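All remarks here apply to the structure that follows.
The values are calculated or read from the model by the stated rules, or taken from the named source; none is laboratory data. Here the structure is a predicted model, which is why all the values come from computation and not from measurement. Ideal geometry is used to build each Cβ from the backbone, glycine not excepted, and the neighbour counts take in all protein chains shown. Just the protein is used for accessible areas: all its heavy atoms, side chains included, with ligands, DNA and RNA removed. Shrake-Rupley method; radii C 1.70, N 1.55, O 1.52, S 1.80 Å.
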Amino acid sequence: MDGVILKAQNNDFNKGIKSFLLSGLKNGVFDSFILSMQVPAKDSYAWILTYDEGLVKSSTPISPIMTVQGARALKSLRTGTPTQKIAVVMRPCEMRAVIELSKLNQINLNDLILISYDCPGTLPIKNYLEDPEKGEEVFNKILLDWDDKNIRETCKLCDKVSVQEEKTFQSDLHITTLGIEQNNFAIISNSEKGIEILNELKLEIKNLSSRDEPVKKIIETRRKNRENSRKELIPQLIGLDALSEFFSKCINCKVCRSVCPICYCRQCYFSSEKVKYSMEDYLLQASTRGNMKFLPSLLFQVGRMTHMSLSCVNCGACEDACPMDIKVGQAFSYVGDNVQKLFDYLPGRSFEEPLPLSVYREEEFKEIEN
Amino acid sequence: MNKKIKINKSVETGLKELLISLLESRKIKAVFTLERNKDAVYYSLITDLEKVDQASPFLPFMPANGGKLLSKLTDIKSISEPIAAVIHPCELAAFIELIKKQQGSLDNLLIISSVCPGVMPINNISETNLDEKIKKYFESAKNSNIPTGLRENCEICSRIIPTNADIIINLMDKDIDNSFELYINSEKAEKFLGDENGEILDSDFDFANNTFPQNIKDIISQKEKNRIAVNEKYKFDQLGMDGLIDLFGKCIGCHSCGGVCPICYCELCDFDSAEHEYKKNVLKSDLNSRAGVRLPPNTILYQLGRLNHISTSCVGCGMCTDVCPVDIPVGMIFSSIGNSVQELFKYIPGENLEEANPITVYKKEELTNFED
């Protein structure tokens with residue numbers, strides 16, 4: 001792959017990225033930014049939309065935790081964007097969710113320039129909150145050595161960490177650090193819009209074959225991790241008894257749904273009048289087995305899975321937020337992978353690929369007939 | 001004279017036997033109570049008397065506010081056949097608040113509750129030494145001490161008497177492993193209980209009217225002291241805008257606090273409605289005046305707005321803190337500020353079903369000291 005090589009003194013990628021963004025502002029290819037930024041108390045991160053040079057300088061484009069899934073942040077611009085060339089720096093899984101939400105008409109991509117980056121994973125929010133200073137230290141090390149010991153379980157299983165010849169996620173530009181010489185990073189165009197921007201900036205395009213091996217290696221490691229972890233996970237999910245047991249701790253708080261970038265409905269079916277029953281109905285249900293969990297949560301979990309698994313990007317936000325430590329992200333990712341494979345669909349792979357449920361094919365799934 | 005029944009069994013066995021006898025005699029159709037299965041705890045609707053044995057009515061956990069759940073059981077229509085519900089005092093208080101908001105009904109519900117020693121944070125249910133912890137919890141309660149490892153909200157909760165329950169059980173009694181008393185606290189309860197449940201005696205105590213054992217009075221005054229100490233620690237009343245930003249800066253706008261709150265009953269929260277969607281022109285002017293805006297916007301507005309909506313009814317159950325993914329002490333904030341608001345109106349949520357929520361009542365001469 002080809003791209004432009006830029007300086008990042010002392011391997012401070014964040015600083016390098018910010019210089020690039022500000023040079024784009026000067027050249028008029030960007031007019032504003034959506035970036036991750038430390039909150040005033042310095043104990044977390046938030047998304048900020050700004051055109052202010054000072055705020056850009058104090059931002060942290062590559063941050064240690066995913067507090068709000070980036071696509072959820074972009075969704076709040078649903079009624080329109082105030083500027084036209086907004087550079088958005090987000091993780092690959094956030095980009096993929098952005099693409100999915102654009103297909104669901106929740107995000108308008110026209111005014112956005114999507115910039116993804118090589119993502120080593122993020123720290124579990126709770127671990128970071130225990131000691132934010134230490135979290136910063138740990139994550140800065142991860143940015144250089146890509147050690148996966150301290151990152152979220154769902155990130156350890158993620159193989160969409162960087163761009164390759166075979167496309168797995170869509171953005172306009174991609175920032176890469178893997179396999180690039182010390183104190184440098186590179187930017188690769190990942191769409192037509194991206195090519196135009198690099199042309200406009202008149203930067204010298206170089207061959208980046210040095211990154212092929214390291215990218216391949218990390219992807220292989222992640223896939224192996226996933227294979228191993230699924231060996232343990234799958235038996236916990238197969239069959240109704242196993243599934244009930246898997247979600248038995250669920251307290252119905254539905255925070256998984258609230259933080260999910262794909263669950264965009266203002267009024268979820270599972271919180272609507274449709275799922276309200278009278279005491280008589282509940283008693284009838286309870287009397288078939290003698291007792292029942294109230295409220296039951298399995299229907300919600302399986303229902304949500306049915307609604308969003310084709311677009312699940314395995315970002316792990318649900319698992320990070322679950323107060324009961326249910327491996328909900330891993331379960332959804334496993335089911336999502338299988339459903340997506342059936343339709344030969346990869347959420348967030350391209351702007352154009354239509355959502356399978358929005359397409360009718362006469363000759364589909366013959367083998368499931370009868 | 002108030003009545004009681006003395007039962008010479010351990011409190012858990014005795015209560016279960018009572019529930020079984022009520023089911024058996026068809027005085028009730030089902031039992032609503034806590035159940036534990038390995039590291040899962042949940043409310044269960046039990047119709048089969050053989051399943052009652054699986055219940056853990058006094059397990060010190062609150063997987064969901066039981067008042068919210070009872071509202072979901074009864075808000076379409078009140079129930080036609082009696083059900084016994086074993087819930088904590090704050091859950092009953094929340095349920096009564098919900099009934100005032102037309103979200104449920106006490107009809108045909110036999111409420112059994114205890115003088116509550118508190119509950120533990122819900123995620124403690126997975127701890128490896130849980131049984132040991134639960135044993136210690138009951139040991140402390142028995143000896144009239146406040147158990148350790150409670151929800152922070154429970155540490156400062158002095159509303160530990162379920163004033164409006166039909167049957168009250170005192171868990172803070174040293175004989176609890178061998179015998180306990182069922183305090184009959186309503187006419188409804190008298191209809192359910194009879195000689196078959198034990199000899200009906202006169203009671204020295206009238207929990208609903210502030211007559212109860214000295215040890216409970218001591219615990220209540222200790223908890224009131226705890227509340228003052230906590231208010232001094234957090235100083236919520238002196239936060240100012242910067243303090244609020246520091247406190248809620250971590251908030252990710254997931255609205256789970258509202259989702260589990262028993263008082264937040266709206267099917268579609270105002271702050272999730274189209275009304276509150278960030279409009280392009282507002283965004284533009286915000287961006288011009290501040291140079292940067294946070295996305296999603298209005299995290300603090302949500303918290304303050306919700307506080308406005310529920311503070312007169314906040315029962316301080318602490319569900320919100322338990323589910324907050326970013327460890328904001330939401331429950332402490334809401335309980336502290338709720339308490340102050342309730343003091344202003346001399347209103348105690350859940351205390352009296354007949355008493356209207358102050359924000360639904362107009363009094364001409366109210367809070368005149370806030371004028372100008």
Subject >> Debye intensity ratio in log₁₀ form over the Cα atoms of the range A:218-288, taken at each q of 0.17 Å⁻¹ >> reply: -0.99
Subject >> Label-point separation, A:LYS193 to A:ASN11 (7 Å along Cα→Cβ), nm >> reply: 3.3
**OP:** Sequence neighbours fewer than 8 away in the same chain don't count; with that in mind, list the aspartates and glutamates whose C-alpha is under 13 Å from B:LYS27.
**Re:** B:GLU81, B:GLU190, B:GLU196
**OP:** Pick out, from A:ILE368, A:LEU22, A:VAL302, the residue whose Cα sits farthest towards the positive end of the charge dipole of the protein assembly as shown, with +1 on the Cβ of Lys and Arg and -1 on the Cβ of Asp and Glu.
**Re:** A:LEU22
Original post:
Amide H of B:ARG36: which non-local residues (sequence gap of 5 or more, or other chain) have their own amide H closer than 5 Å, using H built in the peptide plane?
Top reply: B:SER56
Subject >> Accessible surface, per residue, of the protein assembly as shown when the full set of protein chains is kept, probe 1.4 Å, Å² >> reply: 44
Original post:
Which log10 I(q)/I(0) values, to two decimals, does the protein assembly as shown give at q = 0.07, 0.08 Å⁻¹ under the Debye formula with one point per Cα?
Top reply: -0.55, -0.70
Subject >> Backbone HN-Hα couplings from phi across the range B:342-354 [Karplus 6.51/-1.76/1.60, Hz, Gly and Pro as x] >> reply: 5, 5, 4, 8, 6, 10, 10, x, x, 7, 9, 4, 7
Original post:
What net charge do the residues around A:PHE13 carry, taking every other residue with its C-beta under 12 Å from that of A:PHE13, with Lys and Arg at +1 and Asp and Glu at -1?
Top reply: +1
**OP:** Taking 7 Å along the Cα-to-C-beta vector as the label spot, tell me the B:GLU275-A:ASN183 distance in nanometres, rounded to one decimal.
**Re:** 5.9
Subject >> the range B:234-367: relative contact order in percent, alpha carbon pairs under 8 Å with at least 6 residues between >> reply: 28
Subject >> Relative contact order computed over chain A (Cα-Cα under 8 Å; 6+ residues apart), in percent >> reply: 19
Original post:
Between B:LEU110 and residues 5 or more places away or on another chain, which pairs have amide H atoms under 5 Å apart, with H built 1.01 Å from N, and which residues are they?
Top reply: B:ILE83, B:ALA84, B:ALA85
**OP:** Give the accessible area for B:ASP177 in Å² (nearest 10); use a 1.4 Å probe, count only protein heavy atoms, and leave out ligands, DNA and RNA.
**Re:** 90
Original post:
What ³J(HN,Hα) values, in whole Hz, does the Karplus curve 6.51 cos²θ - 1.76 cosθ + 1.60 give for the range A:75-80 when θ = phi - 60°, with x put for Gly and Pro?
Top reply: 4, 6, 9, 3, 7, x
Original post:
Could you work out Rg/(2.2 N^0.38 Å) for chain A, with Rg from alpha carbons only?
Top reply: 1.04
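Looking at the protein assembly as shown only, what percent of DSSP beta bridges run antiparallel? Nearest 5 please. Working shown, then result.
Numbers: 45 of 68 bridges.
Taking every DSSP beta bridge within the protein assembly as shown, about 65 percent pair in antiparallel fashion.
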**OP:** Excluding residues fewer than 8 places away in the same chain, name every one of the lysines whose C-alpha is closer than 22 Å to that of A:LYS216.
**Re:** A:LYS141, A:LYS149, A:LYS156, A:LYS160, A:LYS167, A:LYS206, A:LYS224, A:LYS341
Original post:
How would A:VAL335, B:VAL115 line up by accessible area, probe 1.4 Å, largest first?
Top reply: A:VAL335, B:VAL115
Original post:
Using a ≥ b ≥ c from the Cα gyration tensor of the range A:116-181 (square roots of the eigenvalues), is it rounded, prolate or oblate, where a/c under 1.5 gives rounded and otherwise the larger of a/b and b/c decides, a/b for prolate?
Top reply: prolate
Original post:
Can you list the residues of the range A:3-42 with backbone N under 19 Å from a point 7 Å past the Cα of A:THR221, pointing along Cα to Cβ?
Top reply: A:13
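Taking the Cα centre of chain A as origin and charging only Cβ (+1 Lys, Arg; -1 Asp, Glu), how large is the dipole, in debye to the nearest 20? Show your work: numbers first, answer last.
Details: 47 positive and 50 negative charges, 130 e Å.
Its charge dipole is roughly 620 debye.
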**OP:** List the lysines whose Cα lies under 16 Å from the Cα of B:LYS136, skipping any in the same chain that are fewer than 8 positions away.
**Re:** B:LYS174
Subject >> Interface residues, the range B:286-303 - accessible area loss of 50 Å² or more versus chain alone, probe 1.4 Å >> reply: B:LEU287, B:ALA291, B:LEU295, B:PRO296
Original post:
How many nm separate the modelled label positions at B:ASN308 and B:ASN210, each set 7 Å beyond the Cα in the direction of the Cβ?
Top reply: 3.5
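Rank these residues by their accessible area, most exposed first, probe 1.4 Å: B:THR74, B:THR47.
The ranking, largest first, comes out as B:THR47, B:THR74.
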**OP:** Work through the residues other than A:LYS42 whose Cβ is under 10 Å from its Cβ and net out their charges, Lys, Arg +1 and Asp, Glu -1.
**Re:** -4
Subject >> Residues with amide H under 5 Å from that of B:PHE61, placed H, sequence gap 5 or more >> reply: B:MET120
Original post:
Share of chain A's accessible area from carbon and sulfur, percent, 1.4 Å?
Top reply: 50
Original post:
Lys pairs in the range B:234-367, Cα-Cα under 23 Å, at least 8 apart or on separate chains: how many?
Top reply: 4
Original post:
Which whole number gives the average count of other chain Cβ atoms within 10 Å of the Cβ atoms across peptide B:344-356?
Top reply: 0
**OP:** Would you rank A:ARG304, B:ARG290, B:ARG26, A:ARG266 by solvent-accessible area, highest first, keeping every protein chain in place and using a 1.4 Å probe?
**Re:** B:ARG26, B:ARG290, A:ARG266, A:ARG304
Original post:
Which of the residue pairs A:LYS57/A:LYS202; A:LYS42/A:LYS126; A:LYS249/A:LYS274; A:LYS103/A:LYS274 have a Cα-Cα distance greater than 20 Å in the structure shown?
Top reply: A:LYS57/A:LYS202; A:LYS249/A:LYS274; A:LYS103/A:LYS274
**OP:** Compute log10 of I(q)/I(0) for the range B:234-367 with the Debye formula, placing one identical point scatterer on every Cα and leaving out solvent, at q = 0.20 Å⁻¹, to two decimals.
**Re:** -1.26
Original post:
Does the range B:3-228 come out rounded, prolate or oblate by the C-alpha gyration tensor, with a ≥ b ≥ c the root eigenvalues, rounded set by a/c under 1.5 and, if not, prolate when a/b is larger than b/c and oblate if not?
Top reply: rounded
**OP:** Using θ = phi - 60° and the Karplus relation 6.51 cos²θ - 1.76 cosθ + 1.60, list the HN-Hα couplings for the range B:225-234 in order, rounded to whole Hz, with x at every Gly or Pro.
**Re:** 5, 4, 5, 5, 4, 5, 4, 5, 5, 7
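Placing unit charges on C-beta atoms (Lys and Arg positive, Asp and Glu negative, everything else neutral), compute the dipole magnitude of chain B about its Cα centre in debye, rounded to 20.
On the way: 41 positive and 54 negative charges, 162 e Å.
My answer is approximately 780 debye.
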